[in-house]
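Comments concern the structure below.
The values are calculated or read from the model by the stated rules, or taken from the named source; none is laboratory data. Because the structure is predicted, anything quoted here is derived from the model rather than measured. Quick reminder, even Gly has a Cβ in these numbers, built from the backbone with ideal geometry, and neighbours come from all protein chains shown. Please note that ligands, DNA and RNA were not included when accessible areas were found on the heavy atoms of the full protein model with its side chains. Shrake-Rupley method; radii C 1.70, N 1.55, O 1.52, S 1.80 Å.
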Amino acid sequence: MRFAGPDREGNVVSGSVRYGSERSRLQVDLAGGEFSGRARDGRDVRGSGVALNTSGSMRLFPELLLQARYTYINQNFLSPQNGLHEPLNLKAASVTWQPKSWLTAGFSGSTASRPGKDDFNRFWSATLNVSPDNQLPAIFFSHTQSDTRQLKNSAFTLISATKQFNRARI
């Protein structure tokens, strides 16, 4: 693909590969090319750039699911549009365990940064959901912790309970 505009131009080649089975899934997207122009941060760009996005999941056991995503965008990679969305380098993973239909636990974490910048955003989250099919209330628990350059070590916890009655839910 070739694009040219008032602030940037480039020649890009891209491709995608997908694999899926009953237990796993993988997708890889890759793009690269030659770029010139002005990046969103005002920096002049002239040269090669590459972008890679991978995501996948694997069900290790019927009750255990692993998921991951990795995204890398080179500083020189320019998109055709210079808009509101900034490219991010991302690493993320999660594990979900559901030993019973009424019990689910999960843990996830990620770190994201802008290419060539010192900004970052890291978080992890743990959840527990208990939703029995009988007269007991359903309970949801979530704890999230995050860290950014601007806001070091923040956290919040959410606990909620619901009870289903014949004609209402509280």
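Remarks
- Taken over the stretch 24-43, the criterion of being crowded, with 16+ Cβ neighbours inside 10 Å and more than 16 Å from Arg2 (Cα to Cα) is satisfied by Ala39, Arg40.
- Candidates Asn89, Asn74, Asn53, filtered to the one that is under 30 Å from Leu128 (Cα atoms), surrounded by 17 or more Cβ atoms within 10 Å (Cβ to Cβ) and without any contact (Cβ under 8 Å) to a residue 60 or more places away in the chain: Asn89
- Filter pass, Asn11 being open to solvent by 40 Å² or more (accessible area, probe 1.4 Å), polar (S, T, N, Q), more than 30 Å from Ser101 (Cα to Cα) and outside any strand (DSSP E or B): no
- The one condition in (1) open to solvent by 40 Å² or more (accessible area, probe 1.4 Å); (2) under 20 Å from Ala112 (Cα atoms); (3) more than 22 Å from the chain's Cα centre (by Cα) that Ala4 fails to fulfil: (2)
- Cross-chain or 6+ apart pairs with Cβ under 8 Å, the stretch 144-157 first and without any contact (Cβ under 8 Å) to a residue 40 or more places away in the chain and within 15 Å of Asp118 (Cβ to Cβ), then assigned to a strand (DSSP E or B) and of a type in the set (D, E, K, R): Asp147/Arg122; Thr148/Arg122
- Any hit, the stretch 103-116, residues being open to solvent by 70 Å² or more (accessible area, probe 1.4 Å) and part of a loop (DSSP other than H, G, I, E, B): no
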